[in-house]
Amino acid sequence: MKFVGKAHVYGDNIDTDRIIPGKYTKTLDLQQLADHVLEDLDPEFSKKVQKGDILVAGDNFGCGSSREQAPLAIKTSGVSVVIAHYFARIFFRNAINIGLAVIELPEYDIQPGDELEVDITTGTVHNKTNGKTFYGTKMPQVMVDILNENGLENYLKKHKTYKL
Amino acid sequence: MPQTIVEKIISNHAGKKVYRGEMAVVDVDMVMATDTTAPLTIQAFKRMGGEKVWDPEKMVLVIDHASPPPNQAIAVLHDLMREFAKEQNIKLYDIGAGICHQLMVENHHVKPGQIVLGADSHTCTYGALGAFATGVGSTDLAGAMLTGSTWVKVPDTIKVELNGELQAGVYAKDIILHLVGLLGIEGATYQAIEFTGEAVKAMSLDSRMTLANMVIEMGGKAGLVDMAGLELPYEFEPITPDEGAKYAKVISIDVSEIEPRVAGPHSPDNVKPISEFEGVPIQQAFIGSCTNGRLEDLHEAAKILKGKKIHPNVRFLIAPASRKVYLEAVKDGTAQILTEAGATFLPSGCGPCVGTHLGVPGNNENIASSTNRNFRGRMGNPNSNIYLGSPSFVAAAALNGEIVNPQKVLDEEGN
Ligand code: SF4
């Protein structure tokens with residue numbers, strides 16, 4: 001799976017309340033979530049994000065609540081991949097489960113606006129703007145399989161059970 | 001090879017011995033979802049082709065996060081839950097029954113040694129009972145509802161030894177805040193914590209729940225409280241770690257040295273001794289949540305407020321963790337003491353903790369709260385500041401209109 005897109009870069013410890021505040025989570029209308037994504041961090045984000053863009057963060061992205069509305073809001077806003085040094089555990093699982101590509105890069109050199117090429121299968125990120133390539137942490141195979149099915153719904157529909 | 005508690009519990013559910021770092025598919029004993037997460041769970045369950053849940057006896061739904069519903073959109077989501085519960089024959093706790101985690105423990109839906117998945121991050125609270133309980137998202141929960149199983153990576157464990165005796169006016173909440181400050185908000189990511197030591201063995205179930213509850217504030221997967229000294233109204237087999245089990249690290253804390261702790265805005269790991277926050281004016285005070293909304297918490301608040309009136313600048317809100325807690329507080333006079341002092345009782349449920357309704361703070365206001373999170377915007381207004389501490393800390397702040405050390409207030413009382 002490959003994605004190409006423009007980077008939006010933020011910092012460490014972005015919690016789920018900042019990804020989508022609790023007050024907006026009580027809905028099944030995903031567009032409503034996307035309209036408020038990252039609102040308390042960057043009020044302009046939902047306006048400037050374009051389809052295919054890539055969200056880049058530092059340590060511990062998605063810490064806090066187990067709300068799946070957080071990755072759903074990001075995915076619905078058009079973001080194709082989230083890159084972080086590492087993710088909070090529940091967010092990481094949730095993202096894969098809803099078919100949002102995520103990749104852990106312990107180190108990277110990425111500036112806002114850089115054009116990135118991400119290959120989820122090999123776990124590499126190539127920064128086309130500065131020519132550098134970065135290598136991601138390997139995911140457990142079951143997560144790769146779930147992501148390949150575009151999420152857990154399709155995965156379980158097909159396999160009926162978990163295969164390690 | 002010797003095992004930690006988590007390795008033992010996961011092995012028991014995987015049908016083979018497993019150790020940290022290994023992957024396993026495990027049988028799940030119980031699943032739970034709330035009104036924040038259940039609607040998406042129900043949707044995912046149906047999209048997975050689900051018709052009948054794997055075992056209706058092993059599921060609980062709770063309407064607690066926006067309860068009673070503040071608007072039509074949420075009312076409709078609650079209806080969706082009621083319909084699903086009825087159709088699938090699942091136990092549903094409706095508005096006012098209480099906070100999911102309190103109900104799961106209070107009504108014995110969780111037992112020691114079990115594996116429990118909850119579509120709520122504070123599911124780790126059941127570690128107070130010695131269960132491997134962890135928070136998952138809606139779709140993972142739907143997977144468990146369908147298959148009765150899930151996959152896990154066996155976590156490494158941090159052992160926390162708590163020895164010594166707590167000072168008066170210092171509680172399990174202060175210990176866990178101290179630890180969150182020490183390890184940081186990512187300090188236990190992908191790891192479990194085992195709590196042990198003489199201070200733990202002396203703790204009530206309520207306090208053990210407070211301890212386990214905030215493990216997620218360090219990114220932890222589960223928090224297992226030593227089952228020694230745990231009193232339950234039924235027989236159970238305590239699970240203890242093997243001699244020589246491997247830990248990621250061991251942290252020893254002499255709890256007698258801990259004074260009241262407060263987490264300042266805007267992160268639960270921004271923890272300092274209370275002296276550094278004394279004098280901060282407070283406009284709203286809140287006692288409640290799955291961290292500290294139980295009977296012993298209301299008792300501590302009543303100790304501070306008996307026969308007194310809260311400061312005129314403060315709005316003081318209390319949401320008991322469950323209807324049962326509320327009823328006990330009514331019967332033993334605690335609710336009267338607190339109401340006479342000027343408290344406003346809210347329905348049992350999450351209340352202001354999560355910013356959906358009931359007690360959203362105003363701009364530039366400071367809140368003293370017994371909850372577990374103070375991220376920006378957590379209570380519904382990004383332009384407010386939340387200070388986390390024990391129920392005594394909250395009651396003392398409500399009384400004085402500013403942050404004070406509850407130990408001083410208790411001293412004046414001769415307590
Ligand atoms: S009381 Fe607060 S932290 Fe606990 S389950 Fe409810 S919203 Fe979550």
Please name all residue pairs, on different chains or six or more residues apart, with Cβ atoms under 8 Å, provided the first residue is in the stretch B:40-56 and is of a type in the set (Ser, Thr, Tyr) and the second residue is assigned to a helix (DSSP H, G or I). B:41/B:138; B:41/B:139; B:41/B:141; B:41/B:142; B:41/B:145
Residue B:111, sole failed condition from (1) surrounded by fewer than 24 Cβ atoms within 10 Å (Cβ to Cβ); (2) within 14 Å of the ligand (Cβ to nearest atom): (2)
Residue satisfying condition, being among the charged types (D, E, K, R) and in contact with a Phe, Trp or Tyr (Cβ under 7 Å, 6 or more places away or on another chain), within set B:111, B:86, B:52: B:111
When residue A:83 is evaluated against the numbered criteria (1) over 11 Å from the mean Cα position of the chain (by Cα); (2) crowded, with 24+ Cβ neighbours inside 10 Å, which criterion, by number, is the only one it fails? (1)
Reported set for the stretch B:381-397 where residues are open to solvent by 10 Å² or more (accessible area, probe 1.4 Å), within 14 Å of chain A (Cβ to nearest Cβ) and either in contact (Cβ under 8 Å) with a residue 24 or more places away in the chain or within 14 Å of the ligand (Cβ to nearest atom) (or both) is B:381, B:385
Residue A:151 touching a residue at least 24 places away in the same chain (Cβ under 8 Å), surrounded by 15 or more Cβ atoms within 10 Å (Cβ to Cβ), within 14 Å of chain B (Cβ to nearest Cβ) and not hydrophobic (A, V, I, L, M, F, W, C): yes
Where a residue in the stretch A:114-143 is within 21 Å of residue A:162 (Cβ to Cβ) and its partner, wherever it lies, is surrounded by fewer than 17 Cβ atoms within 10 Å (Cβ to Cβ), with Cβ under 6 Å and at least six apart: A:120/A:1; A:121/A:1; A:140/B:23; A:142/A:164
Could you tell me which of the residues B:237, B:278, B:259 is under 25 Å from residue B:376 (Cβ atoms), more than 16 Å from the ligand (Cβ to nearest atom), in contact (Cβ under 8 Å) with a residue 40 or more places away in the chain and in a loop (DSSP other than H, G, I, E, B)? B:278
On the given criteria, is residue A:105 away from every other protein chain (no Cβ under 14 Å) and buried (at least 17 other Cβ atoms within 10 Å of the Cβ)? yes
Condition first: assigned to a helix (DSSP H, G or I) and either assigned by TED's automatic domain parsing to the domain that holds residue B:370 or open to solvent by 10 Å² or more (accessible area, probe 1.4 Å) (or both). Now tell me which residues in the stretch B:177-227 satisfy that. B:178, B:181, B:182, B:183, B:198, B:199, B:201, B:205, B:206, B:207, B:216
Can you go through B:5, B:10 and tell me which one is under 24 Å from residue B:243 (Cα atoms), crowded, with 24+ Cβ neighbours inside 10 Å and in contact with a Leu (Cβ under 6 Å, 6 or more places away or on another chain)? B:5
Provide a single number: the residues in the stretch B:44-72 that are under 27 Å from the mean Cα position of the chain (by Cα) and surrounded by fewer than 17 Cβ atoms within 10 Å (Cβ to Cβ). 6
Considering the stretch B:355-368, residues that are within 14 Å of another protein chain (Cβ to nearest Cβ) and open to solvent by less than 10 Å² (accessible area, probe 1.4 Å), and then whichever is farthest from the ligand (Cβ to nearest atom), we arrive at B:361
State all residues of the stretch B:318-339 that are touching an Asp or Glu at 6+ places or on another chain (Cβ under 9 Å) and assigned to a strand (DSSP E or B); if no residue qualifies, say none. B:322
Which numbered condition residue B:228 misses (of (1) in contact with a strand residue (DSSP E or B) (Cβ under 7 Å, 6 or more places away or on another chain); (2) at pLDDT below 95): (1)
Those residues that are of a type in the set (Phe, Trp, Tyr) and part of a helix (DSSP H, G or I), I need them from the stretch B:76-115; list them, please. B:84
Within the stretch B:119-173, residues under 12 Å from residue B:101 (Cβ atoms) and not in a strand (DSSP E or B) come out as B:120, B:121, B:122, B:123, B:124, B:125, B:126, B:127, B:128, B:129, B:131
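The values are calculated or read from the model by the stated rules, or taken from the named source; none is laboratory data. Predicted model only: the values in this text are computed from it and were never measured. Neighbour counts run over all protein chains shown; Cβ positions are idealised from the backbone, glycine included. Surface areas here come from the heavy atoms of the whole protein model, side chains and all, with no ligands, DNA or RNA. Shrake-Rupley method; radii C 1.70, N 1.55, O 1.52, S 1.80 Å.
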